[in-house]
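The values are calculated or read from the model by the stated rules, or taken from the named source; none is laboratory data. Keep in mind that what you see is a predicted model, and the values were worked out from it rather than measured. Please note: Cβ atoms are built from the backbone with ideal geometry, for glycine as well, and neighbour counts cover all protein chains shown.
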Amino acid sequence: MIPPLITKVIILTGASAGIGRATAVALAQSGAHVVLVARSAERLDALVTELAGYAGQRLAIAGDVGDESLAETVMQQTIATFGKVDVLINNAGIGHKSSLAEIRPADMRRLLDTNVLGLLYLTQTAVTQMQNQGYGHIINISSIVGERPLPNMGLYCASKTAVNFISRTLQMELRRSSIRLTIVYPGRTASEFGERLLGEPSSNWSSLARVPAERVAQAILKAIHTGKAHVTITWLDWLFMHISRLFPRTTDWLTWQLNSRLSR
């Protein structure tokens with residue numbers, strides 16, 4: 001059983017849907033104070049109302065993490081309300097599905113602003129605050145496809161590869177500090193994420209098994225307690241990532257074969 005998180009102050013981006021929403025519920029159930037960040041004010045208000053019966057406080061901040069100014073706003077309001085931040089969970093992200101040759105420039109900018117720059121903006125402000133207070137924990141939600149590109153998802157995969165390398169670099173840079181950094185690598189997750197892809201979404205991967213968002217949320221809560229550097233959700237995810245690293249050409253071929261069959 002995962003211990004409660006009473007007195008912990010946790011910033012969670014992408015809080016209104018999917019993994020983020022499931023994590024928000026799990027954090028509230030655990031008694032944490034949660035700063036909920038998402039684009040939709042309406043969804044955030046509904047989530048705060050839903051979580052009203054749990055211990056701890058909720059602070060909702062609507063905005064786009066790709067907007068550089070939001071990071072300072074989030075941190076300032078968090079410190080003004082709670083006086084500290086124990087954990088930052090960088091979960092906000094959007095997907096994209098189309099061939100690399102057909103990606104629209106507007107989609108490129110929006111995806112990279114959210115998945116990469118938004119994560120960096122908030123991480124920078126969090127590191128500064130955590131260094132000042134002498135402790136902290138940053139959890140970056142990546143994906144197994146950051147280790148293995150998929151056809152027609154190249155830009156999304158590249159954004160998660162960037163998240164991985166940013167996170168691993170920070171792990172080295174913060175090694176002598178009291179700030180921990182965890183990378184979580186979900187695989188296919190049952191959430192709204194696949195329904196809101198940029199580009200030209202198709203359903204050719206929809207027949208593959210998906211993990212409930214609540215299971216990912218529990219893995220995130222466990223990581224808050226353990227401080228583990230790398231977290232996969234299922235043993236198949238772990239196996240997929242390690243085979244990809246050991247046998248990249250073979251995995252390329254198998255991925256292409258699977259995509260070809262699913263596209264028929």
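A few points about this structure:
- Among (1) within 27 Å of residue 185 (Cα to Cα); (2) modelled with pLDDT of 95 or more; (3) touching a helix residue (DSSP H, G or I) at 6+ places or on another chain (Cβ under 9 Å), the one test that residue 79 misses: (1)
- Count of residues meeting criterion [surrounded by fewer than 12 Cβ atoms within 10 Å (Cβ to Cβ) and not aromatic (Phe, Trp, Tyr)] in the stretch 227-238: 1
- Test result for residue 37, crowded, with 20+ Cβ neighbours inside 10 Å, under 17 Å from the mean Cα position of the chain (by Cα) and under 24 Å from residue 180 (Cβ atoms): yes
- Checking each residue in the stretch 34-73 for being in contact with a strand residue (DSSP E or B) (Cβ under 9 Å, 6 or more places away or on another chain), assigned to a helix (DSSP H, G or I), more than 16 Å from residue 17 (Cβ to Cβ) and hydrophobic (A, V, I, L, M, F, W, C) picks out only 70.
- Taken together, the residues in the stretch 159-205 that are part of a helix (DSSP H, G or I), polar (S, T, N, Q) and modelled with pLDDT under 95 amount to 0.
- Candidate set from the stretch 141-158 (those that are in a loop (DSSP other than H, G, I, E, B) and among the aliphatic types (A, V, I, L, M)); member that is surrounded by the most Cβ atoms within 10 Å (Cβ to Cβ): 153
- Check on residue 48, among the hydrophobic types (A, V, I, L, M, F, W, C) and in contact (Cβ under 8 Å) with a residue 24 or more places away in the chain: no
- The condition of being among the basic types (Lys, Arg), out of contact with any Lys or Arg (no Cβ under 8 Å at 6 or more places or on another chain), modelled with pLDDT of 95 or more and surrounded by fewer than 24 Cβ atoms within 10 Å (Cβ to Cβ) does not hold for residue 21.
- Residue, surrounded by the most Cβ atoms within 10 Å (Cβ to Cβ), within the stretch 76-90, restricted to residues that are touching a residue at least 60 places away in the same chain (Cβ under 8 Å) and assigned to a helix (DSSP H, G or I): 78
- The stretch 211-250, subset farther than 26 Å from residue 169 by Cα and in contact with a Ser or Thr (Cβ under 6 Å, 6 or more places away or on another chain), residue modelled with the lowest pLDDT: 211
- Test for residue 190: is it farther than 30 Å from residue 129 by Cα, free of Cβ contacts under 8 Å to residues at least 24 places away in the same chain and either small (Gly, Ala, Ser) or out of contact with any Lys or Arg (no Cβ under 6 Å at 6 or more places or on another chain) (or both): yes
- Residue count, the stretch 1-33 (criterion: closer than 17 Å to residue 119 by Cα, in a helix (DSSP H, G or I) and of a type in the set (A, V, I, L, M)): 1
- Residue 25 vs. criteria β-branched (Val, Ile, Thr) and touching a strand residue (DSSP E or B) at 6+ places or on another chain (Cβ under 7 Å): no
- Given (1) of a type outside the set (Val, Ile, Thr); (2) closer than 24 Å to residue 174 by Cα; (3) in contact with a strand residue (DSSP E or B) (Cβ under 7 Å, 6 or more places away or on another chain), index of the condition residue 121 fails: (3)
- Failed criterion for residue 156 (all others in (1) among the aromatic types (Phe, Trp, Tyr); (2) in contact with a strand residue (DSSP E or B) (Cβ under 6 Å, 6 or more places away or on another chain); (3) over 24 Å from residue 216 (Cβ atoms) hold): (3)
- Residue count, the stretch 91-140 (criterion: assigned to a helix (DSSP H, G or I), in contact with a helix residue (DSSP H, G or I) (Cβ under 9 Å, 6 or more places away or on another chain) and not hydroxyl-bearing (Ser, Thr, Tyr)): 16
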